[in-house]
Number of protein chains: 2
Amino acid sequence: MNSISPTQGDTKQRILDSAEYLFAQNGYRGTSLRAITGKADVNLAAVNYHYGSKDGLLEEVIKRRLLPLNRTRMQRIDAVRQKARERGNKPDIRAVLMAFIEPTLLFKESTPEAGTFVTFIGRSMTDPDDTVRRVFQRFIMPLFQILFETTCEALPRLPRDIVLWRLHFTLGSLFHTLNICGKFSTDDIEYINTRLDADSLLALIIPFVTAGMKA
Amino acid sequence: MNSISPTQGDTKQRILDSAEYLFAQNGYRGTSLRAITGKADVNLAAVNYHYGSKDGLLEEVIKRRLLPLNRTRMQRIDAVRQKARERGNKPDIRAVLMAFIEPTLLFKESTPEAGTFVTFIGRSMTDPDDTVRRVFQRFIMPLFQILFETTCEALPRLPRDIVLWRLHFTLGSLFHTLNICGKFSTDDIEYINTRLDADSLLALIIPFVTAGMKA
DNA sequence: ATCGATTTCAAACATATGTTTTAATCAATC
DNA sequence: GATTGATTAAAACATATGTTTGAAATCGAT
């Protein structure tokens, strides 16, 4: 059935990989099916055959990586929450933010493919195209709710709406960072090393957003 | 003359206004010349006649509002720098950030048209489309350099590359905020008032980024 | 009113897009 | 080895796009 055939069974996979790469580089609207199938070296009609439509392909591209990543982030947040509950005190805000951000950056540097996908995340959260934004936000919404609640627990003296805004500021910083690091040409940004590893990036962003949260 | 006549006169202007609105709502790639001319109620060929091409129109849309806005921001930053120099001490980081962010938010609420344009800014800094990003970054680069230098003066104990990163985090927060506030449908973000005025937004974002900068 | 320049208009152009169709190919089953 | 079902291939389809064209309309000044 869906087992990998030896000769040509990887058509579906190759489409997924090419689409992921091109979506990250040129955006959803800026990537044509012909560009995808050309890069994947498969027939044009294969996309509609295997995924129904370009939108269907987009959804699969996102699902493949975002679901596992979100599972990891969810577990990390739950762990922080659980540990705090056991100890009878509130979660540490720095730990909460780490639980969300570190898996993202680690995932980014896990493989080159994952890296291009994370770039795609950064760009898509603010994509003018509803198609892209909706798919992403649909997948990230439950996770964001948990993150929000946990952050409120960590900062019980802050009004919830302020926590929410600061969380958005944090996401803005993170996504913009993912964006910068996804640039292939660095001619537009001077003096900045956009090829930092996850640990270095984490060491830069965590103090910033933690301080902002506690302000 | 300048009387409102459907046949003559302000064609060029009406194209500019319609393009600004539609670019902000659907992005550059997602907006067709036919949509623009249809909304402006002018002939399709008018865009190429008055602006040469769609790219030419984009540049004029950006220039019209971004040049004055950047002039204001530049003056504010210069003023902070000047005052500090007169007093013989370093600029206050909060004042520096205010000098950049406040004019942006004030401009945003000055008129509905300016508001939609600022939305366009927020989206375009990370637009996958090179065409859009390049135009914006070309216009904002000199300003960003001054902002960077002034921020370094305000935080002389921080290494320059860390200042630069934190400045990017700040821009990320700001742009993401502009984005959220530009949403026409709020169904994807819960519990957040995306229609705050400039002062309220400023009161939210300034403490966050100031604390992050000083972390 | 007339002339020349500018602007508007309808139509066509050339290309690009996502999708569908129909036939060929392949792998496994009987 | 023929049959069957799933996959691939080449072509066409329908529509959308930015741009150009040439004629009509409009305007400003003589």
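Values computed for the structure shown
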quantity: Sulfur and carbon atoms: percent of accessible area, segment B:1-91 [1.4 Å]; calculated: 48 percent
quantity: Cut-off 19 Å, label 7 Å out along Cα→Cβ of B:Asp55, residues of segment B:131-158 by amide N; calculated: B:131-140
quantity: Accessible surface buried once B binds A (1.4 Å probe; total of both sides; Å²); calculated: 4100 Å²
quantity: Kyte-Doolittle at least 1.0, axis length at least 15 Å by Cα - qualifying DSSP helices, chain A; calculated: A:198-214
quantity: Exceeding the 29 Å Cα-Cα cut-off - candidates B:Lys83/B:Lys108; A:Lys54/A:Lys108; B:Lys12/B:Lys108; A:Lys54/B:Lys63; calculated: A:Lys54/B:Lys63
quantity: Interface residues in segment A:160-184 - accessible area drops by 50 Å² or more relative to the isolated chain, probe 1.4 Å; calculated: A:Leu164, A:Trp165, A:His168, A:Phe169, A:His176
quantity: B:Gln137/A:Ala203 FRET efficiency (R0 30 Å; Cβ-Cβ; nearest 0.05); calculated: 0.65
quantity: Rounded, prolate or oblate (a/c below 1.5 giving rounded, otherwise prolate when a/b exceeds b/c) for segment A:9-64 by Cα gyration tensor; calculated: rounded
quantity: Kirkwood Rh, angstrom, the protein assembly as shown [1 / mean 1/r, Cα pairs]; calculated: 23.1 Å
quantity: For B:Phe208, net neighbour charge (Lys/Arg +1, Asp/Glu -1) across residues whose Cβ lies under 14 Å away; calculated: +4
quantity: In nm, spacing of pseudo-spin labels at B:Arg195 and B:Glu149 (7 Å Cα→C-beta vector); calculated: 4.3 nm
quantity: For chain B, the fraction of alpha-carbon pairs in successive 10 Å shells from zero, as %; calculated: 8, 30, 32, 19, 9, 2, 0
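The values are calculated or read from the model by the stated rules, or taken from the named source; none is laboratory data. These numbers come from a predicted model, not from an experiment. Note that each Cβ is placed from the backbone with ideal geometry, even for glycine, and that neighbours are counted across all protein chains shown. These area figures cover heavy atoms from the full protein model, side chains too; ligands, DNA and RNA do not enter into them. Shrake-Rupley method; radii C 1.70, N 1.55, O 1.52, S 1.80 Å.
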